Structures are given as C-alpha cells and as structure tokens.
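The next block holds one structure in the form of structure tokens; read it before the comments.
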Amino acid sequence: MEHEAHNPALRHHFADAQQQKNAASLGMWLFIVTEIMFFGGMFCAYLVYRLAHFNAFAAGSQQLNIWMGAINTSVLIVSSVTVVLAVKAAEAGKRKVLVGYLVVTVLLGMTFLVIKGFEYREKFEKHHVPGPTFNFTDKFDDNGKQIPVNPKEAELFFSLYFAMTGMHALHMIIGCGLFSVLAVLAWKGHYTPGYFTPVENAGLYWHLVDIIWIYLFPLLYLISRHS
Amino acid sequence: MASTVIPVNQAPSQKLNYLNNGHSLKSWLLTTDHKRIAILYLISVTAFFFLGGFFAMLIRLELLTPQGDLMQADTYNKVFTMHGLIMVFFFLIPVVPAVLGNFLVPLMIGAKDLAFPRINLLSWYLYVTGGILITHVMLTGGVDTGWTFYSPFSTEYTNTKIVEAGLAAFIAGFSSIFTGLNFIVTIHRMRAPGLTWSRLPLFIWANYATSLIMILGTPVIAITIVLVAVERLFHLGIFDPRLGGDPLLFQHLFWFYSHPAVYIMILPSMGVISELITCFSRKRIFGYKFIALSSIAIAVLGFLVWAHHMFVAGISLYAAMIFSFLTFFIGVPSAVKVFNWTATLYKGSISYATPMLYAFGFIGLFTMGGLTGLFLATLGIDVHVTDTYFVVAHFHYVMVGGVLMGYLGGMHFWWPKMTGRMYPEAWAKLSALLVFVGFNLTFFPQFILGYVGMPRRYWQYPPEFQALNVLSTAGASILAAGYLLPMIYFVWSLRYGKIADANPWHAAGLEWKTTSPPPTFNFDETPVVTWEAYNYDEIPPWERRAPVAR
C-alpha cells in the first residue's frame with residue numbers, strides 16, 4: 001500500500017503521529033485510574049480495620065522495620081528521578097544516557113525488592129506471618145504507656161501488611177520487567193526524539209507504583225511512631 | 001449531506017470486505033480488525049449463553065416438582081451458581097459492548113479501527129482464557145457459593161474450586177477493563193472531522209458511559225477476588241471475624257462493583273434502543289441531551305447505591321435509608337430515557353420490523369423490571385421479599401427483558417451491516433413473539449412466588465407453589481425455542497439470506513454510509529460530518545418510510 005513517508009512507529013488506523021501519541025497517553029492514564037481503584041479496595045479495608053482496631057494496628061506498625069521502610073522509600077523516590085531523567089534523555093535523543101537511566105531504574109527497583117525480601121524474612125523470624133505460626137506478644141507503646149492488644153487483631157494488621165506490600169511488590173516486579181524490555185529496545189535504537197511514547201507511558205506506570213508506596217509507608221510503618 | 005461513494009455495479013458481498021479479506025484461521029485468530037474481533041466475540045459469547053441457558057434448564061426442570069428429586073441439594077447449589085457466574089461474567093457484561101460495541105463504535109464515529117486494536121484482540125483472548133477456566137471449574141465439580149461467593153462460606157467452609165473460578169472471573173474482568181479503556185480513548189481521540197460530542201449517536205454515549213463504569217468498577221471486584229483467594233490459600237484473614245475482620249466488608253467490596261456491573265449490562269442495550277426507536281419511527285430522538293446525559297448520570301449514580309443489596313445484612317438503619325433514597329433517585333435517569341423514547345414515537349412514522357418489536361419489548365419489560373426495583377428499594381418491602389423469587393424476577397426482567405431484548409434487536413438491525421445478508425423476517429417476528437410470550441410466562445409467576453414467600457436458591461419448595469413453578473418452567477421452554485430459532489435462521493441467512501445493500505433500513509448513522517459488509521478499514525475516505533444525529537427529517541420523502549425487511 002502506497003503512502004507518504006512517516007515514522008515507522010505510526011499505526012495505520014491513526015490519522016497522524018500526534019493522534020497516536022494522544023491516544024496512547026490517554027490510554028495509559030485510564031489504566032492508572034484502574035490501578036488506583038484496584039489498590040483502593042485494600043486501602044478501604046485498611047481504613048475500616050484501623051478505625052476499628054487502632055491499638056492493635058499501632059502495635060503491629062511499631063514492630064515493622066522502619067529503617068528498611070525508609071530506605072526503600074528513598075530508593076523509590078530516587079528511581080522516579082531516574083525515570084524522569086530517562087524520559088528527558090529520550091526526548092533529547094541521547095540513546096546511551098537513556099539506556100543508562102533505564103538500567104539504573106531497574107537496579108533501584110531490584111534493590112527495593114531485595115530489601116523487602118529481608119524485611120519479610122525478619123517478619124518470618126519474629127513470627128509475624130499470619131497463619132498457624134503467628135505469635136504476637138508486643139504491646140502498643142503509647143508515649144511510654146504499654147497497652148496490651150488482642151493478638152488476633154494484630155494478625156489482621158499483618159494480613160493487610162502482607163497483602164498490600166505483596167501486591168505492591170508484584171507491581172514492582174512487573175515494572176522492573178517492563179523497564180528491562182524498554183532498556184533493550186532503547187539500546188537497539190527504537191526511541192527517537194520523534195517517538196518515545198512508550199518510555200513516557202512506562203514512566204507514568206513507575207511513578208504510580210512509587211506513589212502507592214508513598215501512601216503505604218506512612219499508613220503501615222508510621223502509625224503512632226514518636227521520637 | 002456528505003456521503004461516501006459506494007460502487008453500485010458489484011454485489012456488496014463480492015467486493016473485498018472485512019469478511020473475505022483473508023480466509024485462513026490465522027487471519028482470524030491474529031486479526032486486529034475490530035469487526036473480526038466482534039465476530040469472534042459473537043461466537044464465544046453465544047456459546048456461553050447457551051451453556052448458561054443449559055444450567056437454567058436444569059434449574060427449571062428441578063423446580064417442576066416441589067421435592068428435590070432431580071438432583072441433590074449440593075448439586076443444585078452448583079447448578080444455580082454456574083448459571084449465575086456464566087450469565088453474569090461471560091454473557092451479560094461483555095455481550096453488547098464486545099459484540100455490537102466493538103463492531104460499531106469505530107464505524108459510527110468514522111474511524112478506521114479502535115484506538116488500540118492489539119489490546120482489543122488481547123481482550124478477546126482474555127475472555128476466552130477466563131471462559132476455558134470457568135469451563136474447567138464446571139467440569140471438575142463446580143462452585144456452590146452462588147455467583148455472589150459471600151464470605152465466610154467462600155473463604156473458609158466450601159470445598160469447591162473458589163480460587164480457580166475467581167481467577168476465571170478476574171481474567172474476564174481484565175477483558176472488560178481493556179474494552180472500556182479502548183472505547184474511551186477511541187471516542188475521545190478518533191472521531192471524524194465535524195463529529196462533535198453533541199452529534200454522536202446515542203449508542204456511542206451509552207458505550208462511553210458503560211466504559212467509565214468498566215474501568216472504575218471492575219478493578220474493585222478484581223481486588224475482592226484476590227483477597228478471597230489470599231484468604232483461602234495463605235490464611236491471611238481479611239474477612240475473618242475471629243481476627244477482628246468483618247464478613248460485611250466482603251459484601252461492601254463485592255457489591256461496590258457488582259451493582260455498577262448491572263449498569264454495564266443495561267446501558268449499551270439502552271443505546272441500541274435509541275438507535276432502533278429513531279430509525280423505525282423515522283424521527284429525530286426527543287431530548288437528545290437528556291438521553292446522553294442520563295447515561296452519564298446512571299454511570300455516576302450507579303456507584304452510590306451498592307448497599308441496597310445489603311439492607312438485611314446488618315448495616316445500620318440510617319445507612320439503609322440513605323441507600324434506599326439514592327436507589328430511588330437512580331430510577332429518574334432511567335425513566336427519563338423511557339419517557340424520551342416514548343416521546344420520540346409520538347407522531348412518528350412507525351413500522352414494525354423485528355428490531356422494532358424487540359425495542360417495544362424492551363421498553364415494556366425494562367419498565368416493569370425497573371419499577372419492581374423501586375419496590376425492592378423500599379426498605380419495608382425489601383425486608384419481606386429479599387432473597388425470594390421476587391428479586392429473581394426483578395433482575396431477570398431487567399437483564400433478559402432489558403439487556404437481552406436490546407441485544408437481539410440490535411443483532412437483527414445490524415445483521416445486514418455485519419454480514420451483507422438479511423435474516424428471514426417472518427421467522428424473526430415469530431421468534432420475537434416466542435421470546436416475549438415465553439419470557440413473561442417464565443418470570444411473571446416468579447414475582448408472585450416471591451411475594452408469597454418462595455425463597456431463592458432452594459431446590460425444594462412447599463407443594464402449594466407448584467402450579468406457578470410449572471407455569472414458569474413451561475415459559476422457559478417457549479423462551480428456549482425463541483432463542484434457538486435465531487441461531488438457526490441467522491446461520492441459514494449467511495448462505496441463503498437476501499443480499500443486503502449498504503443501507504437496507506434507510507437509517508441515519510455513519511455505519512450505514514459504507515458497504516454491507518464494510519471493508520477492512522471501514523470507509524473508502526474519512527467522512528466529514530456536518531449534520532446532527534438522527535437527521536431523519538432531512539431524508540428525501542421517497543425514502544422516508546423504513547422498508548420492512550422481506
């Protein structure tokens with residue numbers, strides 16, 4: 001079929017590249033909305049149960065490893081910076097810089113996952129994994145006052161902890177896979193200043209997963225923490 | 001009005017079109033053409049409809065007699081669960097958007113395809129994968145929780161394949177999400193030049209509103225399924241009261257999607273009705289803006305009424321009152337549509353081809369279903385009839401009398417566009433009559449049964465209820481005949497049906513300005529739209545009467 005020269009990435013059902021880019025962006029934002037609704041169900045469960053069992057939630061939260069959580073938070077924030085820099089590199093046509101930032105993003109994502117792995121192992125060792133091995137004897141430290149809590153309710157906290165951080169980690173794994181594929185395609189020269197939409201849209205996905213963690217961290221790790 | 005030149009010297013079905021553009025299996029299974037994907041959906045959705053119908057037949061056979069004599073109680077639980085799961089997730093939710101929507105949305109807006117054709121194909125494969133999984137569940141013991149799989153029965157006490165069935169629904173849900181996403185982007189970004197939002201056919205508005213619900217609501221059932229699976233598999237007790245969890249949280253999360261889901265089912269069908277009523281009364285729609293905005297209103301309000309499924313579950317009376325009020329309120333935009341359709345008929349030039357018969361059926365039956373919904377929204381009545389056959393009758397009136405009749409009307413209306421052939425009108429009219437009579441005979445007695453106290457999901461009942469149950473089963477057999485006939489004559493028409501031209505109904509709408517069947521890229525040149533929707537008053541007088549299909 002004869003037609004005028006265009007970017008090889010332009011698909012034929014679109015009138016022009018701008019329409020394709022606008023469609024892809026809108027599609028990605030809509031997908032992000034679905035992800036927010038997806039996690040929203042778990043945030044809803046968290047809201048309901050934290051209101052009902054505050055002391056147990058606080059006690060459980062105080063047992064989480066705040067240092068690992070904080071390091072992970074900063075790892076993710078830095079990884080979002082590298083994503084932005086990757087997009088800028090793509091826009092400027094700097095192929096090697098783009099690949100570099102994509103790879104660094106993946107490495108930071110993997111760092112997050114490794115630290116998470118250490119955290120989960122610590123939970124296992126402290127018998128804070130819900131199920132038959134669960135055993136919680138800690139109290140809620142309310143400004144020095146030690147309030148005992150119902151261990152069953154604490155188990156509910158940890159159930160939500162594992163469900164929410166587990167689902168988040170799954171999305172991180174997907175993100176790492178996605179960015180690895182992007183890095184390979186970028187190395188092969190698929191992205192030019194005229195077409196780098198996949199980098200932008202994948203960047204949006206990564207920022208979403210980051211923002212979800214930004215909510216998870218204070219809600220899970222920082223309940224009633226005092227200096 | 002601007003129109004695309006259609007060659008008149010070739011029989012339309014011999015020209016290169018989307019159906020004969022490639023004959024190999026691979027050209028169908030790896031297609032990205034939205035029209036071919038619609039046909040793929042048509043075949044798979046129809047298969048699941050008959051599978052769900054098979055389970056309905058088993059239910060009605062058991063209920064012929066008051067004793068539980070055809071099957072054991074546990075088996076009956078599995079039968080009605082499979083009926084519900086298959087009909088809800090694999091028929092009602094996808095049918096109109098995935099079959100008619102996929103086919104028509106790009107055509108009606110003058111586009112070459114949907115925004116993301118490969119994701120469209122992925123949607124179909126996800127649907128089929130979910131379908132294979134649910135079939136496997138069915139063949140290896142089924143699920144017995146009811147399609148609503150409430151905790152703690154589903155999370156703890158049942159021994160059936162909840163996780164696998166949940167996975168099937170989860171995957172089918174992503175099919176739904178991607179379809180909705182595709183439609184929204186397409187409608188926003190790919191309308192033909194001159195086609196402003198206020199010139200869009202109401203079928204497009206309906207699918208747009210539906211797509212909003214799909215992308216906002218479906219993820220919530222997805223996470224609910226995940227939490228149930230996680231509770232079953234890893235003993236993470238989210239809904240477990242022994243851990244301070246609340247089984248009611250399950251119900252809230254479940255119904256937060258499952259109520260809007262019923263609007264996913266009905267809105268596209270309502271869109272079909274707008275197209276049929278205008279064509280077969282040769283008039284512009286009365287109150288275009290009201291019908292368009294009522295679709296959006298239903299989509300928004302639909303998210304605010306979910307707890308009307310939980311009036312007797314243990315929610316607070318004040319919450320129940322609020323949800324009751326909101327449920328009444330959502331009847332208003334639906335009624336607005338019915339009034340506007342009726343006003344469209346007024347002083348119209350009405351003809352009675354099969355699609356119009358289904359449209360009339362829809363208006364009457366949906367009104368009955370909707371009104372009985374208001375009875376259920378009334379707290380005092382609901383306490384009496386909840387979990388009885390009254391509820392079953394209500395939702396079958398809106399789902400079958402509403403969604404399915406709209407779908408059948410649309411299939412008959414757009415069949416010539418999709419296949420280039422007309423269906424046999426006399427047989428079609430007979431089928432429509434059988435469907436209408438069979439439907440009412442099946443489900444009207446169930447209103448009475450429910451009111452006098454027959455519970456739903458029971459495999460036996462007191463002997464005094466038998467007469468009404470026998471009527472219901474008799475109606476179901478007539479209804480089955482009404483559904484089987486179109487299967488036969490539609491297939492027959494593919495070979496022997498009268499060849500249809502581009503616009504056999506002389507209907508307005510861009511889809512009628514291209515050949516029947518359309519070429520793969522829909523239009524020979526992109527149309528430029530300078531007219532409002534349903535401009536039947538601009539059609540020349542000699543074309544004013546809709547031809548009755550022969």
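A short reminder: the numbers here are calculations on the coordinates, not readings from a lab. All values derive from a computational prediction rather than experimental measurement.
Estimated from helices alone, the mean residue ellipticity of chain B at 222 nm is -21000 deg cm²/dmol (sum of -39500 (n - 2.57) over DSSP H runs with n ≥ 4, per residue).
Rounded to the nearest 10 degrees, the angle from helix B:247-281 to the longest Cα principal axis of chain B is 30 degrees. Calculated on C-alpha atoms, the gyration radius of region B:30-543 divided by its Kirkwood radius gives an Rg/Rh of 0.96.
I'd like the distance between the alpha-carbon centres of region A:190-224 and region B:385-438, rounded to an integer number of Å. Between the Cα centre of region A:190-224 and that of region B:385-438, the gap is 46 Å. Round to the nearest 10 and give me the degree value, 0 to 90, for the angle of helix A:151-187's Cα axis relative to the longest principal axis of chain A. So the inclination is approximately 20 degrees. Listed by chain and number, the aspartates and glutamates whose alpha-carbon sits under 15 Å from that of residue B:498, ignoring those within fewer than 8 places in the same chain, are B:425. Region B:49-75 and region B:243-308 have their alpha-carbon centroids 30 Å apart.
Stretching the chain fully between residue B:28 and residue B:158 yields a gain of 42.7 nm (0.36 nm per residue, less the alpha carbon separation). Note on region B:452-529 and region A:152-185: Cα centroid distance 44 Å, given to the nearest whole angstrom. Counting only DSSP H runs of at least 4 residues, each contributing -39500 (n - 2.57), and dividing by the residue count of chain A, the helix-based mean residue ellipticity at 222 nm comes to -26000 deg cm²/dmol. Cross-linked pairs A:139/B:161; B:15/B:112; A:21/A:188; B:283/B:417; A:88/B:112: Cα-Cα separations exceed 30 Å for A:139/B:161; A:88/B:112. With one equal scatterer per alpha carbon and no solvent term, the Debye-computed log10 I(q)/I(0) for region B:68-168 at 0.14 1/Å reads -0.63. The lysines whose alpha-carbon is closer than 26 Å to the alpha-carbon of residue B:289, local same-chain residues fewer than 8 away aside, are B:337, B:347, B:513. Based on C-alpha pairs under 8 angstrom that are at least 6 apart in sequence, chain A has a relative contact order of 32 percent. Cα axis of helix A:17-52 to longest principal axis of chain A: angle in degrees, 0 to 90, nearest 10? Computed tilt is about 0 degrees.
Taking a ≥ b ≥ c as the square roots of the eigenvalues of the alpha carbon gyration tensor, the protein assembly as shown is oblate, as a/c is not under 1.5 and a/b does not beat b/c.
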